[in-house]
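The values are calculated or read from the model by the stated rules, or taken from the named source; none is laboratory data. Fair warning: this is a prediction, and the values are worked out from it, not measured in the lab. So basically every Cβ, Gly included, is an ideal-geometry build from the backbone, and we count neighbours across all protein chains shown. Quick note on the areas: whole protein, heavy atoms, side chains included, nothing else; ligands and nucleic acids left out. Shrake-Rupley method; radii C 1.70, N 1.55, O 1.52, S 1.80 Å.
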Amino acid sequence: MAAAQRGSSRRSSGSAGVDFRTVEPAPLMLLKGPEDYAATRATDRVKEQLRVQHPDLEYTRLDVSSAASGALATLASPSLFGEARLILAEDLAQTSDAFLQEALSYLDEVADDVTLVFRHTGGNRGKKLLDVLAKRAVVVDCSAAKTDADKLDFLRREFRAAGREIQPDAARALVAAAGSSLSDLGGACRQLIRDIDGEVTEEHVDRYHGGRVEATAFKVADAAFEGRGADAVRLYRHAISTGVSPIAVTAALARKGRQIAALVDHRGSPDALASTLGAAPWQLRQAQDTARRWQSARAGAAVEAIARADAEAKGASRTPEYAVEHALAVVAAGVGR
């Protein structure tokens, strides 16, 4: 087992690192990046694989920011009964100089039947150790998903790994509904993969996650800017009755309003505006069709109405629900004039 692991650790993992979904156990491993979901999935996968071959596996989590001197050597020393061991050395970004020296010394003679996994969330702390691990360890990519494009890529990989397919519109809807964190998004993916047979559609996503705060607020905004005033008010009242805050709705309206106002007079690809507005290119491509029905003056008036409603929802009015409804009416009335 140790020999097989040792061979896998010498293989290059590539500049981005190994995918947490497919990683295999190795004597030395590095979970690199701040994304807890990816790190947890990778650790669980390694643990499960080792336990198949070693039911008596000893698993230890070592917080290296407060580890006592000699803790790693003690945990990695030969066991009385020869059990395989898995050690997760956490919080390497906050480690002490003493542990760094101990870890570097350990790398000179890696113990048999020990799988040592380091977790580093970012920064330059422990750079000497990281440089060595980059050459000798299996590096697992735990990069953060910062944009909607990153989340869409994550979602597609989840479905691909499960041998399943999801329609593009369904993928975008799922990111809007459950993309506040990779933990939420990963859980939503697993639920749909488990419960739905065949290709996952936007209807499936709406059935399971349409009531989420993010999805409901964005549906209200879409209806208003498409001129469907009655639908916008109906969706808004339903959202309020299910616990959605008026502020969440004004935030979605403001985001949509900025996109429409920027696109009205924009000549060229909407992709060029994406980074400026902090939106994914696909979001602006969707909004572009709506923007064709708007004029600059009307878009400006809609943005102003939303700003007033947002201020009132945050305390400037005793009736924030009505203030938002009034803004919805103003926005919907501005379409196609």
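Write out, first by first residue and then by second, each pair whose Cβ atoms fall under 6 Å of each other, whose residues are 6+ apart or on separate chains, and whose first residue, in region 152-178, is farther than 10 Å from CYS189 by Cβ and open to solvent by less than 50 Å² (accessible area, probe 1.4 Å) while the second is among the aromatic types (Phe, Trp, Tyr) and at pLDDT below 95.
Taking only residues 6 or more apart or on different chains, the pairs are ALA176/PHE218.
Just need a number here: residues in region 216-231 that are more than 18 Å from GLN259 (Cα to Cα), more than 25 Å from the chain's Cα centre (by Cα) and crowded, with 17+ Cβ neighbours inside 10 Å.
Matching residues across region 216-231 total 2.
With respect to ASP91, is the statement that it is free of Cβ contacts under 8 Å to residues at least 12 places away in the same chain, open to solvent by less than 70 Å² (accessible area, probe 1.4 Å) and under 22 Å from the mean Cα position of the chain (by Cα) true?
No.
Go through region 20-35 and give me each residue that's open to solvent by 40 Å² or more (accessible area, probe 1.4 Å) and in a loop (DSSP other than H, G, I, E, B).
THR22, GLU24, PRO34
Give ASP197, ASP184 a once-over and let me know the one that is modelled with pLDDT of 90 or more and more than 30 Å from HIS326 (Cβ to Cβ).
ASP197
Being at pLDDT below 95, touching a Lys or Arg at 6+ places or on another chain (Cβ under 6 Å) and open to solvent by less than 70 Å² (accessible area, probe 1.4 Å): is that true of LEU62 here?
Against the criterion (at pLDDT below 95, touching a Lys or Arg at 6+ places or on another chain (Cβ under 6 Å) and open to solvent by less than 70 Å² (accessible area, probe 1.4 Å)), LEU62 does not qualify.
For residues that are assigned to a loop (DSSP other than H, G, I, E, B) and in contact (Cβ under 8 Å) with a residue 40 or more places away in the chain, tally how many sit in region 295-337.
Residues that pass the stated criteria total 5.
Applying the selection to region 306-337, what residues are over 11 Å from PRO246 (Cβ atoms), at pLDDT below 85 and not small (Gly, Ala, Ser)?
Scanning region 306-337 gives ARG318, VAL335, ARG337.
Run ALA239 past the list (1) farther than 24 Å from ARG285 by Cβ; (2) at pLDDT 90 or above and report the number of the one that doesn't hold.
Answer for ALA239: the failing condition is (2).
Among the numbered criteria (1) surrounded by 22 or more Cβ atoms within 10 Å (Cβ to Cβ); (2) modelled with pLDDT of 90 or more; (3) within 16 Å of LEU31 (Cα to Cα); (4) not aliphatic (A, V, I, L, M), which one does GLY126 miss?
Evaluating GLY126 over (1) surrounded by 22 or more Cβ atoms within 10 Å (Cβ to Cβ); (2) modelled with pLDDT of 90 or more; (3) within 16 Å of LEU31 (Cα to Cα); (4) not aliphatic (A, V, I, L, M) leaves (2) as the failure.
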